[in-house]
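J.: Pasting a structure below so you can have a look.
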Amino acid sequence: MAPHGAGGRGNNLDGLDSRITEMLNTHSASFSPAQEQGMAEVYAQLKDIAHRQRLKVSKHGLNTTALANEAWLKYSDRPRDFNDRKHFFAYCAVAMRHILYNLARHNRLATMVDVDQELQRLPVYEQSEFLVDMERHLVALEAYSPRLEKVFTYRFFGEMEMAEIAEVLGVSERTALRDWKKARAMLSAALGG
Amino acid sequence: MSDLLDKWRRIDAALDSDDEQGADECLERLGITARLLDESLDTAAGEVLGQAFGGDNVTAEIGGSRYRVLRRIDSGGQSEVFLAERADGVYNRTVVIKLLAGHYHRGLMQEQFLREMQLLADLPHPGIVQILDGGLGAAERPWLVLEYIDGPHFTAYCREQQLDWRGLARLVRDLCEALQFIHLRGVVHMDIKPGNVMVRDINGTAYPVLIDFGIALQAASTADDTPGAVFGSRGYAAPEQLAGEPVDARADLYSLGMLLAQACLGDSVENVGQLPPEERMARLRRAGVPRDLRDVIGKCTREKPAARYASAAALRTDLDAWLNDLPLAVGRHRPFHVAAKALRRHTLAASIAALALAGTAWATWKYTADVGALQQATQAEKHAGDRLFNFMLGDLFDRLARIGRIDLLQLVAERSIEHLARQDPRTLDDPARLQSAVAYTNAGRVFDALEESTAALDAYQQARAILAQVEDREAHRRALLEQRSRVLILESETRASEGQREQTEAVLLEAASLAGELVERHPDASREPLWEAQLQLGWHYMEYDQGDAAGEHLRAALAIAGEMVEVEGGTRWLLDESHSWQALAWHAFDYGEPRDALTALERALVIARRARGAGDDIETLDNHRILLNQQAYMLTQLGDYAGADAAMVTAIETGERLQAMAPQNREYQRELAYSFTTGGETAERRGDDATALQRYRRGLAISREIAAADAGSFTAANDLAVDLVSVANLTAKLGGRERAEALWREAAALIEPVWRQEPDNKYYQYTLAVAWLQLGRHEEVRPLVAAIQASGMADQPFNDLLVQQGFEVK
């Protein structure tokens, strides 16, 4: 087996946090620079909560909404850069997307380095392929329509309610729902074809 | 991409004009075939999600990225379990990472935890999941890296394999080894239950492995401040453990006893440990669990620790004793033997079986040492090399077979199988593979002799599989041919005893073809495998009444042996030639002229005498005796009672000498009893009733001895009953009516329960019918008489008896 550490820094999970921050900083999200700065903190927060919740949740049933909720409760104790729950949730959704993307890239790299058929059939690697593809198409979708990309990210990665998404983006709920359908159909078409 | 962009535009427009439709409808209407994206992240990417928020933490927790988490296997109250693999590229190994629940305080607790863990990590045992790594995580949570056991859980294994009592007892016995191992090191598992035992299945050998030392470790770590905090599992934990009292090794034995009880009862009871003890034992009895095994369970599961076994070793010894007892009940499961050992002068088949056990060298006494010494000697030599070990096992087998103590080798064979199963075939070179195959073959031979056919066939299968790996190596072609034909011939014996007609034939034909190739390519190679394959084919076809095919192979065998006597000479080939004539004699007896049969047997005897030469080798002596028995049988059938009696006189003399040379050999003892009984008959036929009675009584005395040593054996019981009836019949004839009736009653009482267990066995029917007829129990005997007449077992003496008792003779 080839050493998985061969890819250098990029394979090291310990460096994930800083890279996420970096990536989020370059992401054209509608957050203030201060909020973006706090992204790494949110990520750490999510991880910490998930860690504590882990023994309570069964199998893979990790509930991202519950994660964000708990993170928010913790945040709301000491007012920071987020003035409301909805914006914080949106923020978490973006964080989630990048956490997963980064991990998926790492996983995929591992399977490329290590041509182990057995390994590539594992769901975790199939899903990693999926997430990497998804990210590529999300970037394209953003070029096509930034709002579609945001609606999708908030809904899919943050599991936010339509009403909350509409409010964050300043559109009607009906528009948000239509955008979600569009984005879902478009990404389905992209991933399926 | 522009194609995709076009699709996106169409989707965009379609939903703009009608936003009531769903995303899937939209795709369908536009004729875009695509699987609709999952709405939930958990469905679409749950594994990665788990990895991010679980796996990542595992890695962080255990400090470093030496292991890569593949997936979560389990999570519950006690711990979280992940499947992972070494990720540092040192070697390819799948492991299990376990995060234990609970927090440990630094300092003393931590030290203790690490010490216990280190203890287990330092002392690998095949029956204990190996701890590869471990420590305390960032949050003081203990974590362990364990070897990955690729096998089913205990319950699943028992169910899949449909294990019988012996299979279950064997698994539990193996568990005792692991338990004794940890107990000696001061660790109590405290949570023995089916869920914590997995069955490792390496190269077809099943071995139970104790997993989950979570409680043991916790107990060790918390003993100082929270005694009694560890309760174990309901139904399995010992009473003192539930009460929070101090526990020792005997608590594990309680749990192990429950595990065995639960396994015996299977799904019929949900949790056998929660039944009242009487109810539990009653259910075990009703389920048909043998009494001894129930006693073992009872002793494990006593309320008071002092009433249980003192140690896992003591329990193991008992289980071993139970397991070893059964194989001593020779012939019980082999129809061939049942037929052979049963009524009257059925010495033929028994003799053939005895011959099959015979090997090469001379008689010796020094190997009658006890199992322990043997084991030690063997263990020490094992390290001197596979070759030496294989030679020893083979040699010991031959020697022990002569004195009837193959049971001494059982442990050695089982150990060697365990040892072999731990070998990684990929690390072996070709000579080592060949030796592995030899070792499997030797072990198989031991199992076969102990009538553990399944284990024997498994071992032979392993040997064949390993040989297949060197099949294409020209350099080892000769060794391969020799070894493969040997395995096949041995395998055919086991299959024949299991009554597997087609497989036996196929295996023998392959053996003959390989042995033929061997001598063709290597003129200096031994012709013995070829001879043996031909001879066995001959016997096989005779057994299934294919006289022509049998004759052909037997003549081929004789030709080989005869030629080799000329070319090479030596005792071995003389014996082989004698065996060939002997087989041909039976062929003539069944398919040709009886006089030819006697002539052939004469030749066998003459050659056997030559083989005996000056010295009295135990094997040649036994061979000679068997031939005499058979000669007497044939002569009796041909009405030459004087000749038969003369042969029997010599057979009895020879038998007594053999008995003195190998007092432990049950087979010889039995054979001598048959000789006496047959000799009694021949004397009776000659009209010498005094000699006849004397011989019958000698036979009866030996049969009593065998039956006493072999309680529970149907065959031994029937042999004894037959001798009782013989003595009784003659005693009655000589006027001792009262004495005779006591003997008939004894015979009937002995054989009736046996017959009730196997009501269709014609030999048991015959014995019981004679006893009942003599006792005048006409009503009871009627259906038996009908059955005997239908099966053709009714011979002249039987019909005489019927007439005497006023029955109608067909």
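The values are calculated or read from the model by the stated rules, or taken from the named source; none is laboratory data. This structure is a prediction, so every number in the text was calculated from the model and none was measured. Backbone-built Cβ (ideal geometry, glycine too); neighbour counts: all protein chains shown. For the accessible areas, the whole protein counts, side chains as well, though only heavy atoms, and no ligand, DNA or RNA atoms are used. Shrake-Rupley method; radii C 1.70, N 1.55, O 1.52, S 1.80 Å.
J.: In whole Hz, with x marking every Gly and Pro, tabulate ³J(HN,Hα) for region B:595-601 from phi via Karplus 6.51 cos²θ - 1.76 cosθ + 1.60, θ = phi - 60°.
T.: 5, 4, 4, 5, 4, 4, 5
J.: Then there is this: Once region B:143-186 is represented by equal point scatterers at the alpha-carbon sites, with solvent omitted, what log10 I(q)/I(0) does the Debye formula produce at q = 0.16, 0.23, 0.27 Å⁻¹?
T.: For region B:143-186, the Cα-only Debye profile gives -0.60, -0.93, -0.99.
J.: Taking a threshold of 23 Å on the Cα-Cα distance, which of the pairs B:LYS98/B:LYS299; B:LYS733/B:LYS762; B:LYS98/B:LYS304; A:LYS150/A:LYS181 fall above it?
T.: On the way: B:LYS98/B:LYS299 35 Å; B:LYS733/B:LYS762 26 Å; B:LYS98/B:LYS304 34 Å; A:LYS150/A:LYS181 13 Å.
Cα-Cα > 23 Å for B:LYS98/B:LYS299; B:LYS733/B:LYS762; B:LYS98/B:LYS304; rest within.
J.: Using a 1.4 Å probe on the heavy atoms of the protein chains only, list every residue of region A:150-193 that has 40 Å² or more less accessible area in the complete assembly than in its chain alone.
T.: Residues passing the criterion (a loss of at least 40 Å², heavy atoms only) are A:PHE156, A:ARG174, A:ARG178, A:LYS181, A:LYS182, A:ARG184, A:ALA185, A:MET186, A:SER188, A:ALA189.
J.: Less than 12 Å Cβ to Cβ from B:ARG595, Lys/Arg counted +1 and Asp/Glu -1: what total charge do the surrounding residues give?
T.: Working: positive: none; negative: B:GLU593, B:ASP596, B:GLU602, B:ASP640.
Once all neighbours under 12 Å are counted, the net charge is -4.
J.: Under a 5 Å amide H to amide H cut-off, with H placed in plane at 1.01 Å, what residues pair with B:ILE32 once short-range neighbours are removed?
T.: Residues meeting the amide H criterion: none.
J.: Within region B:781-810, whose backbone N sits under 15 Å from a point 7 Å along Cα→Cβ of B:ASP545?
T.: Taking a point 7 Å out along Cα→Cβ of B:ASP545, the residues of region B:781-810 whose backbone N falls under 15 Å are B:791-793.
J.: Quick one: what are the phi-derived ³J(HN,Hα) couplings along region B:454-470, Karplus 6.51/-1.76/1.60 with θ = phi - 60°, whole Hz, x for glycine and proline?
T.: 4, 4, 4, 5, 4, 4, 5, 4, 4, 4, 5, 5, 5, 4, 4, 6, 10
J.: Rounded, prolate or oblate: which fits region B:600-646, taking a ≥ b ≥ c as square roots of the Cα gyration tensor eigenvalues, rounded meaning a/c under 1.5, else prolate when a/b beats b/c? Numbers along the way, then the final one.
T.: Working: a/c = 2.85, a/b = 2.29, b/c = 1.24.
Cα axes put region B:600-646 in the prolate bin.
J.: Check each residue of region B:12-47 and keep those whose accessible area, probe 1.4 Å, is at least 40 Å² smaller with all protein chains in place than in the chain alone; give them in order of residue number.
T.: Relative to the lone chain, where solvent access is computed with a 1.4 Å probe, region B:12-47 loses at least 40 Å² at B:ASP12, B:LEU15, B:ASP19, B:ALA23, B:LEU37, B:GLU39, B:LEU41, B:ASP42, B:ALA44, B:GLU47.
J.: Taking a probe of 1.4 Å and counting only protein heavy atoms, give the total accessible area buried between chains A and B in Å², rounded to the nearest 100.
T.: Details: alone 10820 and 36160 Å², together 41650 Å².
Buried area (both sides, nearest 100 Å²): 5300 Å².
J.: Another question, if that's okay. Could you sort B:440-449, B:304-313 so that the peptide with the highest average Cβ count within 10 Å comes first and the rest follow in order?
T.: Details: B:440-449: 26.7, B:304-313: 16.7.
In descending order of packing, they fall as B:440-449, B:304-313.
J.: Now a separate question. Work out, step by step, the length gained on full extension between B:ARG291 and B:VAL803: first 0.36 nm times the residue separation, then minus their alpha carbon distance; give nm to one decimal.
T.: Numbers: separation 512, 0.36 × 512 = 184.32 nm, distance 4.33 nm.
The B:ARG291-B:VAL803 span can extend by a further 180.0 nm.
J.: Then there is this: What figure in square angstrom, to the nearest 10, would you give for the accessible area of B:LYS299 with a 1.4 Å probe?
T.: The accessible area of B:LYS299 comes to roughly 80 Å².
J.: Also: Measure off 7 Å from each Cα along the Cα-to-Cβ vector at A:GLU126 and B:HIS419, then give the distance between these two points in nanometres to one decimal.
T.: Simple spin-label model gives 4.6 nm for this pair.
J.: How large is ³J(HN,Hα), in whole Hz, for each residue of region A:154-169 in order, when computed from phi with the Karplus curve 6.51 cos²θ - 1.76 cosθ + 1.60 and θ = phi - 60°, using x for Gly and Pro?
T.: Using θ = phi - 60°, the values come out as 5, 6, 6, 8, x, 6, 7, 6, 4, 4, 5, 4, 4, 5, 4, 8 Hz.
J.: Multiply the residue separation of B:ARG185 and B:ARG739 by 0.36 nm, subtract the distance between their alpha-carbon atoms, and state the gained length in nm to one decimal. Before the final figure, lay out each step's value.
T.: Working: separation 554, 0.36 × 554 = 199.44 nm, distance 6.30 nm.
In short, 193.1 nm is gained.
J.: Can you classify region B:154-327 as rounded, prolate or oblate using the Cα gyration tensor, where a ≥ b ≥ c are the square roots of its eigenvalues, rounded means a/c under 1.5, and otherwise it's prolate if a/b beats b/c and oblate if not? Before the final figure, lay out each step's value.
T.: Numbers: a/c = 1.62, a/b = 1.35, b/c = 1.20.
Because a/c hits 1.5 or more and a/b exceeds b/c, region B:154-327 counts as prolate.
J.: Sketch the reach of a paramagnetic label on B:ARG477 as a point 7 Å from Cα along Cα-to-Cβ, and name the residues of region B:511-535 whose backbone nitrogen lies under 17 Å away.
T.: B:513-526
J.: Now for a different question. Tell me, in nm to one decimal, what length is gained between B:SER17 and B:ARG234 on full extension, where the rule is 0.36 nm per residue of separation less the Cα-Cα distance? Mind showing how you got there, number by number?
T.: Working: separation 217, 0.36 × 217 = 78.12 nm, distance 6.45 nm.
Going from the current span to full extension adds 71.7 nm.
J.: At a Förster distance of 45 Å, what's the computed FRET efficiency of B:ALA711 paired with B:ASP248, Cβ-Cβ distance as r, to 0.05? Don't jump to the answer; show the numbers that get you there.
T.: On the way: r = 36 Å, r/R0 = 0.79.
Using R0 = 45 Å, I get an efficiency of 0.80.
J.: Ok, one more. How many nm is it between the label spots at B:SER268 and B:LEU509, if each spot is 7 Å from the Cα in line with the beta carbon?
T.: Label at B:SER268, label at B:LEU509, 4.4 nm between them.
J.: On to the next question. Quick one: which residues, 5+ away or cross-chain, put their amide H under 5 Å from the amide H of B:ASP133? H built at 1.01 Å from N.
T.: Distant-sequence amide H within range of B:ASP133: B:VAL145.
J.: Amide H of B:GLY244: which non-local residues (sequence gap of 5 or more, or other chain) have their own amide H closer than 5 Å, using H built in the peptide plane?
T.: none
J.: If you don't mind, there's one more thing I want to ask. Could you give the nm distance between label points at B:ASP760 and B:ALA790, where each point is 7 Å from its Cα heading toward the beta carbon?
T.: In this crude spin-label approximation the distance works out to 1.1 nm.
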